[in-house]
Structures are given as C-alpha cells and as structure tokens.
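J.: My structure is below; once you've seen it, I'll send some questions.
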Amino acid sequence: MKLLVTGGAGFIGSNFIRHIRQEHPDWEITNLDKLTYAGNLENLKDIQDQPGYHFVKGDIADRKLVDKLLSQGLDVIVNFAAESHVDRSILDASPFIETNVKGTQVLLEGAKKHGIQRFLQVSTDEVYGSINSGHFTEESLLSPNSPYSASKTAADLLCRAYFKTHHLPAIVTRCTNNLGPYQFPEKLIPLVITNALENKPVPVYGDGLNIRDWIFVGDHCRALDAVIQKGQLGGIYNIGGGNEKTNLELIRKLLELLNKPQSLIQFVTDRPAHDRRYAVDCTRITTELGWKPAYSFEKALNATVDWYLKNESWWRSIKSGEYAKYYERMYSHR
C-alpha cells in the first residue's frame, strides 16, 4: 500500500508514521509537511533514510504539488495536516481556514481526480462542542465553539459532501486529547512537564475544572490503522481513551510524578468560549473494528513523562526556537 501522510512531521502524524513503519514495513509512505512551527523533522530523524519513506516539504493547499504527488499512484491519503492550537485560532483564524478548510478541499479534489482508494480525515472531538453529561456519538450535533474547531468541522463536512456527491471513499475519525512523545510544548501536558522541569510557573485556565478525555498517541495510531484497513467508507469513528480528568487533576498528578511543588500552579484568565467537557462514545469502533486502547491512563502518563525526561535536548531546542531557524536555513535555497 502507498500512503500520502500529510502533516507527518507533527506530533500525531510522526507517531503514526513510526507505527506504520513498524507494523507494515512493506507500505510506502510519502510525508508531506509544510514544517510550520509545530512540524519538526527531528521527530522522524531515525527513519528519514529508510527505504519506502520519502519526505516532501510543501503545503496541502498547493494544488500543483498535491496533483504531482497523487499522480505517482498513491492508494491512501491520511490527513493530519492542520493548524490545531485553539489559542492561536482566537488570535488569528485565517491560517486555520487556509490549511484546515482550503487545504482539505485541495486534497479531496486531488483524491477524486486520481482515484484514491481511501481518504482518512483525522479530526477532533472538539467539533461536537461541550457536553455536560453523557457522551457524544457519531450522530451528535456538530457545535464547534472556537475558530479552530469550526475549521475542523468545515473539513469534516467537506469530506461528507465529497462522499455523498462524488462517492469519494472518505472516512472521518474524531479523537480525544492525545498524550505521548514528540508533542509540541505549547500543548498542556508537555507544557506542564517542561515548565516544571525548568521550575517555571504552570498556567491553569480559569478554575482548572475543564474535563478532557485522554488517550495515548500509540493507541490512536492503532485505531487509525484499523480504520484504513477495515473502516466503512463514508463512516465516522469516535476514538477515545475513557480517561476523563480535569485539567487541574492532571496537572497536580504531573507535578507529583516530577517531584515538583504544587505551588508552581498559577491560575490565569480563562480563554474565551472554553469548552467545559469533552467525552465521546467509542462503541462503533470497538464493535465494528475490534479496537480498544492498550494503555491505561497511568501507563500512558508515566511513559510520556519518562520520554520528556530522556529527551531534554529535543524540547529545549523547540522552546528556544533553534530547530525552527535551522529548518528555515535548510530549505531557504530550495
């Protein structure tokens, strides 16, 4: 099988590529990534020269480039490429529309033109909005509350429209919060870990009682693998870990694991329209595809903390901005 993985230099994308290389070494992967602030080739340094893996620097909204890549006889598109940080979308939504909406539409058009066998849109539970009790199912109303989640909702609906109108073999997955190696340090868990290791304040929005469900990134990748192979075309699959925690509970646990004082916690003004709780029902993927998480929350959290402790140079270079400058120089002449 030949895959085009977009956004493969990011957190989940790089973990997915690593998973595929391990589980399906005969599959070929082309990794298309724009290398924005969250894209980092260091995430895949150990496999960059392996046969069957090829990196291309570029934008999914670049129609000519996408057409050129898809003309090479690829079978599957897995779209991770997205602007994904809610705070950034509040400050400026335009990059989110450009990448998450226009970029997805360019990929869909390319998939239609070149007869792609499967188009997997990797989405988020944030498209459902907030829920006070119970769990969102795949049939729940889409009610995004941030520019980021609105852009992902638009992309999901484009996939539905291309399936209905053009019979394009699109599938959408909506996952809860991921934790694990290689996550950009502005996200909650790596931010807490790295700030705590530097004895810097750990910011907590509002009262810290917002609830999120957490899943280990490796379990998410296994779910995506199952969807590629056995998922129903035109279908939607919720993916979750069944580990609901308040942000404050999670942060306190991380500080405990790092043997850092709880006094590092610093409550800050809440973000606008901050969703109170996310929770999804994963019955469909467990019933239809036989998938379930392999990592408990405790095992996932310990593995994540251990990785950041062992890879200090990775996150320090990111927080200093050195890696971004390096890749800017690397590609400036191309």
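J.: Got a sec? Which of S89, S84, S14 is closer than 18 Å to K152 by Cα, touching a residue at least 40 places away in the same chain (Cβ under 8 Å) and under 15 Å from the mean Cα position of the chain (by Cα)?
T.: After applying the criteria, what remains is S84.
J.: For L264, all conditions in the list (1) at pLDDT 95 or above; (2) among the hydrophobic types (A, V, I, L, M, F, W, C); (3) within 30 Å of I77 (Cα to Cα) hold save one; what is the number of the exception?
T.: Only one criterion is unmet by L264, namely (3).
J.: Looking at region 159-168 only, could you name the residues that are farther than 30 Å from E244 by Cα and surrounded by 20 or more Cβ atoms within 10 Å (Cβ to Cβ)? Steps first, answer last, please.
T.: Of the residues in region 159-168, the ones farther than 30 Å from E244 by Cα are 161-168.
Y162, L168, listed by residue number.
J.: While we're looking at this one, here's another question. Could you list all residues from region 70-100 that are under 14 Å from S146 (Cβ atoms) and of a type in the set (A, V, I, L, M)?
T.: A82, V86, I90, L91, A93, I97
J.: Additional query: If I ask for residues that are of a type in the set (D, E, K, R), under 18 Å from V172 (Cβ atoms) and under 16 Å from the mean Cα position of the chain (by Cα), which ones from region 214-231 would you list?
T.: Listed by number, the residues that qualify are R222, D225.
J.: I've got another one for you. If you take the residues of region 122-161 that are in contact with an Asp or Glu (Cβ under 6 Å, 6 or more places away or on another chain) and outside any helix (DSSP H, G or I), which of them is nearest to T283 (Cα to Cα)?
T.: T137
J.: Follow-up question, since we're still on this one. For region 10-93, which fully contained helices (runs of 4 or more DSSP H) count at least 1 residues that are more than 22 Å from V217 (Cβ to Cβ), hydrophobic (A, V, I, L, M, F, W, C) and at pLDDT 95 or above? Walk me through it before giving the result.
T.: Working: elements: 11-23, 63-70, 86-91.
Hits in region 10-93: 63-70.
J.: Related question: Does region 106-121 include one or more residues that are among the hydrophobic types (A, V, I, L, M, F, W, C), closer than 21 Å to A223 by Cβ and part of a loop (DSSP other than H, G, I, E, B)?
T.: Yes - at least one qualifying residue is present in region 106-121.
J.: Further question: Tell me which residues, restricted to region 36-68, are in contact (Cβ under 8 Å) with a residue 60 or more places away in the chain, under 19 Å from T104 (Cα atoms) and surrounded by fewer than 21 Cβ atoms within 10 Å (Cβ to Cβ).
T.: Residue satisfying the conditions is K57 alone.
J.: Also, I was wondering about something else. Pick out the one residue from V122, V101 that is crowded, with 17+ Cβ neighbours inside 10 Å and within 30 Å of S296 (Cβ to Cβ). Give the derivation first.
T.: Values: V101 fails: within 30 Å of S296 (Cβ to Cβ).
Just one listed residue meets the conditions, V122.
J.: Identify the single condition in (1) surrounded by fewer than 19 Cβ atoms within 10 Å (Cβ to Cβ); (2) on the phi < 0 side of the Ramachandran plot; (3) touching a residue at least 60 places away in the same chain (Cβ under 8 Å) that Y148 does not satisfy, given that it satisfies every other one.
T.: Tallying (1) surrounded by fewer than 19 Cβ atoms within 10 Å (Cβ to Cβ); (2) on the phi < 0 side of the Ramachandran plot; (3) touching a residue at least 60 places away in the same chain (Cβ under 8 Å), Y148 fails exactly one: (1).
J.: Specify the residue that is farthest from the chain's Cα centre (by Cα); the eligible residues are those in region 166-195 that are assigned to a loop (DSSP other than H, G, I, E, B) and modelled with pLDDT of 95 or more.
T.: Let us first name the residues in region 166-195 that are assigned to a loop (DSSP other than H, G, I, E, B), namely 167-169, 176, 180-187.
Pick out the ones that are also modelled with pLDDT of 95 or more and you get 167-169, 176, 180-183.
On the way: H167: 26, L168: 23, P169: 21, T176: 9, G180: 11, P181: 12, Y182: 11, Q183: 9 Å.
Result: H167.
The values are calculated or read from the model by the stated rules, or taken from the named source; none is laboratory data. Keep in mind that what you see is a predicted model, and the values were worked out from it rather than measured. So basically every Cβ, Gly included, is an ideal-geometry build from the backbone, and we count neighbours across all protein chains shown.
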